[in-house]
Amino acid sequence: MLPLALFNAFAQQNSLFTRQSKIIAAVSGGMDSVLMAHLLHTGGYNFIIAHCNFQLRGDEALRDQTFSRQLAADLNVPFHTVNFDTTGYAAEHKLSIQMAARDMRYAWFEQLRQQLGFDVIALAHHQNDTIETILLNLTRGTGIAGLHGIQPKVGNLVRPLLCLTRDEVVASIKADKIAFVEDSSNASVKYARNKIRHEVVPKLKELNPNLENTFQDHLQHFNELEQLLEMQLDGLRETMFVRHQNEIHIPIAQLQKLKPQHLLIYGLLKPYGFNVTSVNDLIASLGKHAGRKFEAAEWSLIVDRDKVIISPVKIADTQLIAVGEQAHGITFGNYRFNFLHTIPPYTIVNNNNIAAFDGGLLSYPLSIRTWQQGDYFYPLGMKTRKKLSDFFIAQKVPLHRKNQIPVLVNGNGDIIWIAGFRVDNRYKITPGTKKISIFELTEL
C-alpha cells in the first residue's frame, strides 16, 4: 500500500506543491525516485519525468535511461532526458565526478523548468539521506548550518519523500511490487556518502534502532537554533560592518568583545568563504599581527591596525602598459585613465584622482604599472625623495590595496604620479609651463 496520505500531508504542511502545480520529477530509475513518481501519479498530481544520463556506467546507464522512459510511458506522462559528458565537464572545471554530475544535473533541471514554465523540481531524498548529509557535514566542519540536513523546500527544489525512511521506501516498493533498477555504484564505499550509508549508519543503528526518528525529532531544534543565530549575526552586521565602496571594515576592538567569539566570527565571515582554519588564525592574530592576510575564493581579509578589511579579490593587471602621446584613455586592471592636453591658464583642482603635469617635461611613451620594491618619487611639495613603501605606510594604505594602485611612469623612468594619491614635485605646473597634461583616474 503506497503511503499516499503521509505523502500528501507532508507536501501540504511544507507547501511543496498542490494538484494545480506543474512538477518536474527527477527520476534516476532507482527505487526512491520511482516510488516518488508512483506517488505523484496515484495522487493525481500534474508532473513529467526528467532523467539524466551521465554516461559513466556504460550499458547500465543506458538501461536506466530506457527504464525511466518506459516508466513515463506506463504512467502516461511526458518524458525528458539528456546525455552529459560528465568526465569532460569535470576535467574542464577541475571538479570531482560527483560534483560535476551534481552541477550539470541541477542546471539542466532548472533550465527545463524555465523552458516549460513549470513550478518545482521534485527530488527523491528521504530521511536517511538527511542523516547521511548531517554526518558528512559534521566530518567536513560546516558549522551549525550543517546540522539541519536536507530541507523539504529550497527555492524551486522540493523533496516530498523526506516524510519516509529508507526502510519505509523499501517496504512500499516491495508491498506494491514496483519495478526499479539498481545503480551498482551505490554499493561502492569509495564515495564518502556510501561509506557513511553502508558502514557508519548501521553501527549507529545498533546503538539506537530508532535513529531516523531521533534525527527527525532534533531537526526542528537545529533549524530554530540556526534561525536564532542568523538573527544575531544580522544584528552584528548592522552595527559592526562599515562599508567603504566595495570593502567592509570591521573594528578589531568589537571583534575581540564578541562572545562566544569563534562561533560569531565564523558566522560573520562564512558568507565570504572563510573556513574554520582561517577564523582560528584570524582570532589568534587580532591586535597582534597587522598586515596578516587571509584569502578565500572571491574575497580577501587583511588585519589592519585597528580593523579587519574584507574586499573582493581583484586581479590587477601588473603588466606594464605603454601610453602614447595621442592616447585618450587606457584601462589598467580595475582602473580607467583618461588623458587631456591643454594650455595655460589652468586652475588646479583639489582632487587626488586628477593630476596635472608640465607637459613639456613628459617623455613618451609613458607607462602604467604597479609599484615595485625600491621605487621612489618626490612627493609634491617636497625636495627630497621618498620610497613608495614608506609613502604607503605614511598614508596608511592597507597591504591589499597598495598592490593594486597604478603608478604612472615617465619615459625616462621617473615615477610622476601615485595614481589617486600624489603627483611628483619635479613635474608640477609652474609659471613657465606652456603645455599642460591632465590625467583623470576612475575606479571601475
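Just so you know, all these numbers are worked out from the coordinates, no wet-lab data involved. This is a predicted model, so every value here is computed, not measured. Cβ atoms come from the backbone with ideal geometry, glycine included; neighbour counts cover every protein chain shown.
Among Ile415, Ile348, Ile252, which one shows the highest mean-square fluctuation when the chain is modelled as a Gaussian network with alpha-carbon springs under 10 Å?
Ile348
Give the dimensionless ratio obtained when the Cα radius of gyration of the stretch 4-219 is divided by 2.2 N^0.38 Å.
Ratio of Cα Rg to 2.2 N^0.38 Å: 1.01.
By a straight-distance test (C-alpha under 15 Å), which aspartates and glutamates pair with Lys205 as possible cross-link partners, with residues fewer than eight away in the same chain excluded?
Asp129, Glu132, Asp167
Among the trypsin sites (Lys or Arg not before Pro) in the stretch 92-126, which ones are in a DSSP loop with at most 10 other Cβ atoms within 10 Å of the Cβ? Mind listing them?
Loop-located and lightly packed - Lys94.
Return an integer: the convex hull volume of the alpha-carbon atoms of the stretch 343-408, in Å³ per residue.
127
What full-extension length gain, to one decimal in nm, is calculated for Met99 and Leu62 as 0.36 nm per residue of separation minus the Cα-Cα distance?
Gain on extension, Met99 to Leu62, equals 11.2 nm.
Report the convex hull volume per residue for the chain, counting only C-alpha atoms, in Å³.
208
Take the Cα atoms of the stretch 90-141, find their three principal axes, and give me the spread along each one in whole Å, biggest first.
Taking max minus min along each principal axis of the Cα atoms, the stretch 90-141 gives 39, 32, 15 Å.
Scaled to the compact-protein estimate 2.2 N^0.38 Å, what is the alpha-carbon radius of gyration of the stretch 304-413, rounded to two decimal places?
So the Cα radius of gyration is 1.18 times the expected 2.2 N^0.38 Å.
Rg to Rh for the stretch 251-341: what is it, with Cα atoms only and Rh by Kirkwood?
Ratio of gyration radius to Kirkwood radius for the stretch 251-341: 1.20.
Subtract the Cα-Cα distance of Gln373 and Ile178 from 0.36 nm times their separation in residues, and report this length gain in nm to one decimal.
Computed gain between Gln373 and Ile178 is 62.9 nm.
Helix-derived [θ] at 222 nm for the chain: sum -39500 (n - 2.57) over DSSP H runs of at least 4, divide by residue count, nearest 500?
-11500 deg cm²/dmol
Ranking Tyr376, Tyr427 by Cβ neighbours within 10 Å, fewest first, what do you get?
Ordered by Cβ neighbours within 10 Å, fewest first: Tyr376, Tyr427.
Rounded to the nearest whole Å³, what is the per residue volume of the convex hull around the Cα atoms of the stretch 222-299?
Looking at the stretch 222-299, the number lands at 108 Å³ per residue.
Cα extents of the stretch 163-229 along the three principal axes, largest first, in whole Å?
Each principal axis gives a Cα extent; for the stretch 163-229 these are 44, 31, 24 Å.
Computed over the Cα atoms, what is the radius of gyration of the stretch 2-128 divided by 2.2 N^0.38 Å, N being its residue count?
Ratio of Cα Rg to 2.2 N^0.38 Å: 1.09.
When each pair of different Cα atoms in the stretch 120-269 is counted once in the 1/r mean, what is the Kirkwood radius in angstroms, to one decimal?
18.4
Based on the Cβ-Cβ distance of Asp85 and Asn156, what FRET efficiency does E = 1/(1 + (r/R0)^6) give at R0 = 25 Å, to the nearest 0.05?
Here the calculated transfer efficiency is 0.50.
Would you please name the trypsin sites (Lys or Arg not before Pro) within the stretch 406-444 that are DSSP coil residues with at most 11 other C-beta atoms within 10 Å of their C-beta?
Lys434
For Ile436, enumerate residues with amide H under 5 Å from its amide H, sequence gap 5+ or separate chain, H modeled in the peptide plane.
Thr342, Ile343, Gly359
Label Thr277 and Val242 with points 7 Å out from Cα along Cα→Cβ: what is the distance between them in nm?
3.2
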